[in-house]
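Since the structure comes first, as structure tokens, the remarks are kept for the end.
Read-outs throughout are calculated quantities, based only on the coordinates presented, and are distinct from any laboratory measurement. Values in this document were obtained by computation on a predicted structure and should not be read as measured data. Because the Cβ atoms are built from the backbone with ideal geometry, glycine has one as well, and the counts that use them run over all protein chains shown.
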Amino acid sequence: MLQLFNVTKIYPGSIKALSDVSFKVNKGEFVFLVGNSGAGKSTLLKLITREELPTHGQILVNGKNIVRLRGREIPLYRRRIGMVFQDFRLLPNKTAFENVAFALEICGLSGKQIKERSLYALERVGMAKKADRFPAELSGGEAQRVAIARAIVNNPILLLADEPTGNLDPENSLAIINLLKEINYSGTTVIVATHDALIVDALRQRVIALKDGKIVRDEESGAYAG
Amino acid sequence: MSLNTVSYYFKEAFKSIFRNSFLSLASVVVVFITIFILGVAVLLIINASYLADTLQNQLEIYAYLKTGDVSIDTRALEDKIKALEGVASVKFIPKEEGLRKIKEKLGDRADILAGIEERNPLPDAYLIKTKRPEDVPMVGKKLATFPEFETVKYGQGVVEKLLQVTTMLKIFGVGIISLFGFGAVLLIMTTIRLAIFSRRKEIEIARILGATNWFVRMPFIIEGTFLGLTGSLLAAVLVAVGYYSLLLKVSKALPFLVLFRDQQWLTLTFAALVGTGGILGVLGSILSLNKYLKF
Ligand SMILES: Nc1ncnc2c1ncn2[C@@H]1O[C@H](COP(=O)(O)OP(=O)(O)OP(=O)(O)O)[C@@H](O)[C@H]1O
Ligand SMILES: [Mg+2]
């Protein structure tokens with residue numbers, strides 16, 4: 001479902017963030033992307049969401065080469081990909097419900113559909129009761145749950161999370177990573193970039209380790225440290 | 001596009017207008033001034049042209065032949081005048097008819113002409129009409145160079161002055177309106193730029209969630225258009241109220257003054273003024289989006 005072929009990313013100023021990266025992720029897989037700060041994890045995710053273009057190489061998602069997507073096609077492509085961030089990226093002036101609904105408003109859905117699907121997504125992450133709260137009125141773990149609800153409300157084929165537990169205490173981190181695993185059980189392919197050993201070791205899933213932009217390890221049921 | 005999306009566009013646009021209320025107000029004021037000046041200038045030009053049009057029928061050229069020169073072939077001369085550029089019609093007026101006209105004008109005091117009638121001192125003349133009022137001076141000057149004519153009379157400079165005023169008004173108008181129009185667009189650009197800036201986080205998130213360019217841009221375009229339309233609507237209303245009350249006063253106090261009153265054209269003019277403000281707004285927001293909202 002996701003295939004990278006010899007992907008290299010060089011940022012302006014000859015900063016080589018990724019060099020000759022190739023791997024394949026099957027549908028329904030759960031993958032940890034680990035590595036030290038600056039290893040290129042975020043860059044890799046940005047290439048998959050088409051926020052950045054690779055300098056060399058090709059990326060296939062569901063058989064489609066996303067490097068060749070035209071500008072008009074990118075929004076439609078992104079609607080099929082869920083994204084979760086370390087800093088949640090919720091809109092502070094919108095309630096939890098409105099934040100989730102925003103993803104559907106963007107797609108031009110009708111009010112009734114937006115309401116049903118947003119509430120269902122909030123239920124899945126256990127936040128239905130706090131749907132009317134603003135982000136400032138939520139704990140970090142709760143805010144991240146709302147962000148996950150927003151990422152899955154469109155039934156994405158692929159869910160990407162960049163350091164989703166980076167701002168959370170260990171207890172909340174484990175709860176969030178279990179939630180992501182639950183979502184993965186229901187069929188969504190999940191890729192989590194992290195340098196949080198706790199969650200990697202707790203789940204024992206496939207681990208792809210990056211170092212200075214290169215893949216140094218790719219193992220099933222791996223741990224954070226090789 | 002669902003109703004939801006449309007209401008989102010408008011909600012965001014109005015939130016933004018009130019968030020940057022000072023700049024929004026400044027934009028509205030500058031558009032207002034621009035459209036007000038434009039409106040006044042357009043009405044002045046319309047009225048000047050209308051006056052020129054009305055005068056057109058009265059604007060005729062009289063070319064008087066040299067008296068006593070019997071060698072002139074009046075037929076050939078008439079053809080020569082007709083061949084001039086801008087000439088619509090030529091009519092020969094023999095001196096008898098000229099005298100009769102003067103008598104008509106004098107009415108019951110025509111008896112003062114008694115002695116003169118036998119040896120009519122008037123010259124034969126041509127009455128020339130031009131196709132357009134602005135051709136009168138040109139044709140008149142050409143006729144004056146004909147050796148057959150003693151004097152050529154036309155409009156006593158009225159046309160020339162009227163047209164001069166119109167031209168000056170146009171140049172001056174275009175200059176000042178461009179200046180204010182430019183300022184208005186610049187201010188709207190700044191307002192939209194600030195709006196983009198204060199919503200940049202939301203834009204970034206919307207993009208990640210798969211928002212199209214239009215979805216991101218629409219609220220800003222609506223914001224700019226609304227600012228433009230508000231300014232121009234207020235200006236158009238003021239200009240219209242002013243003009244109609246002028247028409248009312250003039251028709252009572254100075255009924256002979258010709259003012260443009262065609263209802264349909266006036267309505268169209270005021271609508272065009274409002275539309276121009278809207279265009280300034282759209283222009284300002286699109287320029288700003290192209291400059292500050294890179295994809
Ligand atoms: N937009 C950019 N322009 C230039 N260089 C960049 C840009 N983004 C990232 N880099 C560089 O590319 C390299 C990889 O960065 P990246 O953010 O992918 O690392 P990371 O593995 O996500 O690190 P972290 O764990 O700290 O988030 C770093 O050297 C970084 O400085
Ligand atoms: Mg990173």
If one builds a Gaussian network model of chain A from Cα atoms under 10 Å apart, the most fluctuating residue listed among A:Arg80, A:Arg72, A:Arg206 is A:Arg72
Quick one: Karplus J couplings for the range A:155-167, per residue in order, coefficients 6.51, -1.76, 1.60, θ = phi - 60°, nearest Hz, x for Gly and Pro? 6, x, 7, 9, 10, 10, 10, 9, 6, x, 10, x, 10
Rounding to the nearest 20 debye, state how big the charge dipole of chain B is about its Cα centre with +1 on each Lys and Arg Cβ and -1 on each Asp and Glu Cβ. 1580
Only loop residues by DSSP count here, and only those with at most 10 other Cβ atoms within 10 Å; note down the GluC sites (Glu not before Pro) in the range B:62-124 that meet that. B:Glu85
A:Arg133's amide H: which non-local residues (gap 5+, or another chain) put their own amide H closer than 5 Å, with H modeled 1.01 Å from N in plane and none for Pro or chain starts? A:Ala96, A:Phe97
Residues with amide H under 5 Å of A:Ser19's amide H, sequence separation 5 or more or different chain, H placed in the peptide plane at 1.01 Å from N; which? A:Lys9, A:Lys214
Please check: in the Gaussian network model of chain A (C-alpha springs, under 10 Å), which one of A:Lys181, A:Lys16, A:Lys41 has the largest mean-square fluctuation. A:Lys16
Once the dipole of the range A:62-190 is set up from charges on Cβ (+1 Lys and Arg, -1 Asp and Glu), the residue from the list A:Asn184, A:Gly63, A:Thr165 lying farthest towards its positive end is A:Gly63
Compute the acute angle (0 to 90°) between the alpha-carbon long axis of helix A:170-185 and the principal axis of greatest extent of the alpha-carbon atoms of chain A; round to the nearest 10°. 90
Over its Cα atoms, what ratio of radius of gyration to 2.2 N^0.38 Å does the protein assembly as shown give? 1.68
Under the 0.36 nm per residue contour assumption, what length would be gained going from the current alpha-carbon distance of B:Arg100 and B:Ser7 to full extension? 25.7 nm
If amide H atoms are built 1.01 Å from N in the plane of the peptide, which residues on other chains or at least 5 residues away come under 5 Å of the amide H of A:Leu210? A:Val34, A:Gly35, A:Val216
Per-residue average of Cβ from other chains inside 10 Å of A:150-162: 1
To the nearest 0.05, how large is the calculated FRET efficiency for A:Tyr11 and B:Leu248 if R₀ is 51 Å and r is the Cβ-Cβ distance? 0.10
To the nearest 20 debye, the protein assembly as shown has a Cα-centred charge dipole, built from +1 on Lys and Arg Cβ and -1 on Asp and Glu Cβ, of 980
Add -39500 (n - 2.57) for each DSSP H run of 4 or more in chain A, then divide by its residues: what number comes out at 222 nm, to the nearest 500 deg cm²/dmol? -10000 deg cm²/dmol
The pairs in A:Lys41/A:Lys94; B:Lys80/B:Lys131; A:Lys46/B:Lys201 lying past 20 Å Cα-Cα in this model are A:Lys41/A:Lys94
At 7 Å along Cα-to-Cβ for each site, give me the label-to-label distance between B:Asp73 and A:Glu182 in nm. 11.2
Farthest positive-ward along the range A:91-154 dipole, Cα basis, beta-carbon charges - from A:Val146, A:Asn93, A:Gln113: A:Gln113
Can you give the mean number of other chain Cβ atoms that lie within 10 Å of the Cβ atoms in peptide A:100-107? 5
Give me a comma-separated list of calculated 3J(HN,Hα) values for the range B:78-88, in order, Karplus coefficients 6.51, -1.76, 1.60 applied at θ = phi - 60°, integers in Hz, x for any Gly or Pro. 4, 5, 5, 5, 4, 6, 5, 5, x, 7, 9
Calculate the mean, over all residues of peptide B:214-225, of how many other protein chain Cβ atoms lie within 10 angstrom of the residue's Cβ. 1
Theoretical ellipticity at 222 nm over chain B - DSSP helices of four or more residues, -39500 (n - 2.57) apiece, nearest 500: -24000 deg cm²/dmol
Taking the Cα atoms only, what angle lies between the long axis of helix B:3-19 and the longest principal axis of chain B, rounded to 10 degrees? 80
R0 = 25 Å: FRET efficiency of A:Arg133 with A:Ala197, Cβ-based, nearest 0.05? 0.20
Given the convex hull of the Cα atoms of the range A:91-154, what is a quarter of its surface area in nm²? 3.7
The range B:60-154: radius of gyration and largest Cα-Cα distance (Dmax), Å: 14.4, 42
Calculate the translational D of chain B in whole µm² s⁻¹ from Stokes-Einstein, where the hydrodynamic radius comes from the Kirkwood formula applied to all Cα pairs, the temperature is 25 °C and the viscosity 0.890 mPa s. 102
What order do you get for A:Lys129, A:Lys214 when you list them from fewest to most C-beta neighbours inside 10 Å? A:Lys129, A:Lys214
Could you state the angle between the C-alpha long axis of helix A:96-106 and the longest principal axis of the C-alpha atoms of chain A, as a value from 0 to 90 degrees rounded to the nearest 10? 60
HN-Hα J couplings of the range B:184-197 from phi, Karplus 6.51/-1.76/1.60, θ = phi - 60°, integer Hz, Gly and Pro as x? 5, 4, 4, 5, 5, 4, 5, 4, 5, 4, 5, 5, 4, 4
